[in-house]
Amino acid sequence: MVAPSGEQFEIAAVGYRAVVTECGATLRVLEHAGRPLLHGFGEDEMSSAGRGQLLMPWPNRIRDGAYDFDGDGYRLGLSEPTQGHAIHGLVRWAAWSREEHGATSVSLSYRLMAQSGYPWTVDLHVIYDLSAEGLTVTQTATNLSDRPAPYASGAHPYLSAGPAPVDGWELTLPASRRLLADERQIPVGEDEVADTAYDFRVARPLRDLRLDDGFGDLERDEDGVATAKVRDPATGLGAALWVDRHHPWLMVFSADAGWDPPRRALAIEPMTAPPDAFRSGRDLLTLAPAGDPGDEVSVSWGIRTLE
């Protein structure tokens, strides 16, 4: 028998342990000193609700699965049929190939072939590395085509700060703007978070706030890193997710819809572009033709324990 998520790649270092799967190069497990930092899934299960998956060559939604690029129109399969969108890229369910697997790191790759709706061939690569600083994830894309390719990336970890529900957890989110979405969850505007229920620039409890929102204008440290945190004030324990300067957006989802019971974890999703970027062009990357400067991009994010 083969596990629903394929081969399992375990790594460990300095109290951290992670398991990455062949299917989608998905982060199935991340824990520190035996305490889960993620709400993952079992080896006998497949990922649901995007848990731990990589989102390439776009994160979130493309409205109607249709977009224009470089003067041509394209139409993708509607992988979110209930809303009528193409969602979370093309590689979540693909079998990725192991490149190297050591005690503390694992790297996997996948060649995304040109296809209907995305007629570019792109090599994708990911490295998961554990150290005393926690988990670092580096996602790389290289255009193998003879013409420019649209590209964005993301990931879908659900953070855990201890016993659920999330209502009692505290969230710190270094974002001053929130995207406003329509009934189909496509951005139609944005607003400042100041003086609203969505201002988590200073840690405060989530309570019963329902979140499925994109946040931007991230506050960063001197190295360009922005860090979000979830913490259980009863124990002081939690998890922090950081993103590099290539990630101007975080999607935050309180796991209400589609979860039974709901609100078991809080997804904080790194994104290099906002939802519907293939249509809006906002922060969308253009990979140069193969062999030209700019034909490759690498971005990093990570998770560490809070104690």
Practice problem: Output the number of the condition that F200 fails; it satisfies all remaining conditions of (1) farther than 24 Å from S48 by Cβ; (2) under 17 Å from the mean Cα position of the chain (by Cα); (3) buried (at least 22 other Cβ atoms within 10 Å of the Cβ). | Solution: (2)
Exercise. Output the residues belonging to region 210-233 that are closer than 21 Å to P262 by Cβ, of a type in the set (A, V, I, L, M) and either modelled with pLDDT under 95 or out of contact with any helix residue (DSSP H, G or I) (no Cβ under 8 Å at 6 or more places or on another chain) (or both).
Key: L211, A228
Quiz item: Can you list the strands (runs of 3 or more DSSP E) found entirely within region 208-295 that contain at least 1 residues being of a type in the set (V, I, T), under 30 Å from S145 (Cα atoms) and open to solvent by 20 Å² or more (accessible area, probe 1.4 Å)?
Solution: 285-287
Exercise. Mind listing whichever residues of region 111-126 are hydroxyl-bearing (S, T, Y) and open to solvent by less than 60 Å² (accessible area, probe 1.4 Å)?
Key: Y118, T121
Quiz prompt | Residue match in region 54-71 (condition: open to solvent by less than 20 Å² (accessible area, probe 1.4 Å), modelled with pLDDT of 95 or more, in a loop (DSSP other than H, G, I, E, B) and β-branched (V, I, T)) | solution = no
Exercise. Those residues that are assigned to a strand (DSSP E or B) and open to solvent by less than 10 Å² (accessible area, probe 1.4 Å), I need them from region 17-33; list them, please.
Key: A18, V19, V20, T21, L27, L30
Quiz item: Across region 89-110, what is the number of residues that are under 25 Å from E31 (Cβ atoms) and either free of Cβ contacts under 8 Å to residues at least 60 places away in the same chain or among the charged types (D, E, K, R) (or both)?
Solution: 5
Quiz item: With (1) in a loop (DSSP other than H, G, I, E, B); (2) of a type in the set (A, V, I, L, M); (3) within 20 Å of H125 (Cβ to Cβ) as the list, and I11 as the residue in question, which single condition is left unmet?
Solution: (1)
Exercise. Those residues that are free of Cβ contacts under 8 Å to residues at least 24 places away in the same chain, under 17 Å from V166 (Cβ atoms) and touching a strand residue (DSSP E or B) at 6+ places or on another chain (Cβ under 8 Å), I need them from region 183-220; list them, please.
Key: Y198
Practice problem: Check region 181-189 and report whether any residue there is at pLDDT 95 or above and more than 30 Å from G117 (Cα to Cα). | Solution: no
Quiz item: Which of the residues spanning region 68-88 are in contact (Cβ under 8 Å) with a residue 60 or more places away in the chain and within 19 Å of M46 (Cβ to Cβ)?
Solution: H88
Self-check item: Every pair of residues 6+ apart whose Cβ atoms lie under 8 Å, when the first sits in region 221-235 and is at positive phi while the second is open to solvent by less than 70 Å² (accessible area, probe 1.4 Å)
Solution: G224/D244
Practice problem: Please state which of the following conditions M113 fails to meet, knowing it meets all the rest: (1) free of Cβ contacts under 8 Å to residues at least 12 places away in the same chain; (2) in contact with a Lys or Arg (Cβ under 8 Å, 6 or more places away or on another chain). | Solution: (2)
Practice problem: Please specify each residue of region 136-185 satisfying the condition of being hydrophobic (A, V, I, L, M, F, W, C), open to solvent by 50 Å² or more (accessible area, probe 1.4 Å) and under 20 Å from the mean Cα position of the chain (by Cα). | Solution: L180, A181
Practice problem: Name the residue, out of R207, R263, that is of a type outside the set (S, T, N, Q), touching a helix residue (DSSP H, G or I) at 6+ places or on another chain (Cβ under 6 Å) and within 21 Å of T82 (Cβ to Cβ). | Solution: R263
Quiz item: S300 fails exactly one of the following numbered conditions: (1) in a strand (DSSP E or B); (2) crowded, with 21+ Cβ neighbours inside 10 Å; (3) of a type outside the set (D, E, K, R). What is the number of that condition?
Solution: (2)
Exercise. For region 29-67, enumerate the residues that are of a type in the set (D, E, K, R) and in contact (Cβ under 8 Å) with a residue 24 or more places away in the chain.
Key: R35, E43, D44, E45, R51, R61, R63
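The values are calculated or read from the model by the stated rules, or taken from the named source; none is laboratory data. From a predicted model like this one, the values you see are computed outputs, not experimental measurements. Backbone-built Cβ (ideal geometry, glycine too); neighbour counts: all protein chains shown. The accessibility values were calculated without ligands, DNA or RNA, using every heavy atom of the protein model including side chains. Shrake-Rupley method; radii C 1.70, N 1.55, O 1.52, S 1.80 Å.
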